[in-house]
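All remarks here apply to the structure that follows.
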Amino acid sequence: TGGEPTLSKDLEPFLQKIKHLGYLVKLDTNGSRPNVLKELVSQGLLDYVAMDIKSSREGYAAAAGIEGMNLDAVEESVRFLLEEAPVDYEFRTTAVKGLHQRQDFVGIRDWIAGCRRYYLQNYRDSEQILVPGVYASFSKGELEEFLAVVRETIPGAELRGVS
């Protein structure tokens, strides 16, 4: 529905109802609440986690739009998924011209090296975003260059939604 679902006080009981109905649950998160993520996983309420990696550590605050952002919580969620989580997961980055450059993907590559799945998505401008017309998409060739960088430590990395 948009926004960060782990901020909802009703998330856990909602997921319990969904699981009780026999459905699988995928959580899309920015990783800002690792304790909630860990608790949901420990209760068996998640079958898959998709976590945004907004940029390299150095570019994260700018990509997230939060000046001076503390990355400790995001780092903890990344570590949990990489090293401990008994649930399938993916990391993904939406590449935005104006926020990302090659060096960001070097940083991402080194940060989440060896992860199970990583997807590189292209930004799409629209009237539904907060500031339309400010940012732009990369060309397919540029995205393929970023993908080649990432594949140095994440061989199965893929482009998503790019034709």
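The values are calculated or read from the model by the stated rules, or taken from the named source; none is laboratory data. Values in this document were obtained by computation on a predicted structure and should not be read as measured data. Positions of Cβ are backbone-derived with ideal geometry, glycine not excepted, and every protein chain shown enters the neighbour counts. Please note that ligands, DNA and RNA were not included when accessible areas were found on the heavy atoms of the full protein model with its side chains. Shrake-Rupley method; radii C 1.70, N 1.55, O 1.52, S 1.80 Å.
Here is a list: 163, 77, 139, 126. Which entry is hydroxyl-bearing (Ser, Thr, Tyr) and in contact (Cβ under 8 Å) with a residue 40 or more places away in the chain? Full working, then the answer.
On the way: 163 fails: in contact (Cβ under 8 Å) with a residue 40 or more places away in the chain; 139 fails: in contact (Cβ under 8 Å) with a residue 40 or more places away in the chain; 126 fails: in contact (Cβ under 8 Å) with a residue 40 or more places away in the chain.
Matching residue, one of 163, 77, 139, 126: 77.
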Checked segment 149-158 for anything open to solvent by 60 Å² or more (accessible area, probe 1.4 Å) and either without any contact (Cβ under 8 Å) to a residue 12 or more places away in the chain or within 18 Å of the chain's Cα centre (by Cα) (or both); matches are 151, 155, 158
Within segment 11-40, the residues that are closer than 22 Å to residue 76 by Cα and of a type outside the set (A, V, I, L, M, F, W, C) are 12, 26, 28, 29, 30, 31, 32, 33, 34, 35, 38, 39
Residue count, segment 88-125, condition open to solvent by 40 Å² or more (accessible area, probe 1.4 Å), over 14 Å from residue 51 (Cα atoms) and modelled with pLDDT under 95, comes to 6
For residue 36, the lone unmet condition from (1) touching a Ser or Thr at 6+ places or on another chain (Cβ under 9 Å); (2) open to solvent by 20 Å² or more (accessible area, probe 1.4 Å); (3) in contact (Cβ under 8 Å) with a residue 40 or more places away in the chain; (4) not aromatic (Phe, Trp, Tyr) is (3)
When every residue in segment 47-63 that is open to solvent by 40 Å² or more (accessible area, probe 1.4 Å) and in a loop (DSSP other than H, G, I, E, B) is compared, the one nearest to residue 81 (Cα to Cα) is 47
Subset of segment 1-33, residues open to solvent by 60 Å² or more (accessible area, probe 1.4 Å) and touching a residue at least 40 places away in the same chain (Cβ under 8 Å), comes to 33
Only unsatisfied item for residue 77, checking (1) surrounded by 17 or more Cβ atoms within 10 Å (Cβ to Cβ); (2) closer than 15 Å to residue 26 by Cβ, is (2)
Selection from segment 61-82 of residues among the acidic types (Asp, Glu) and at pLDDT below 95 yields 67
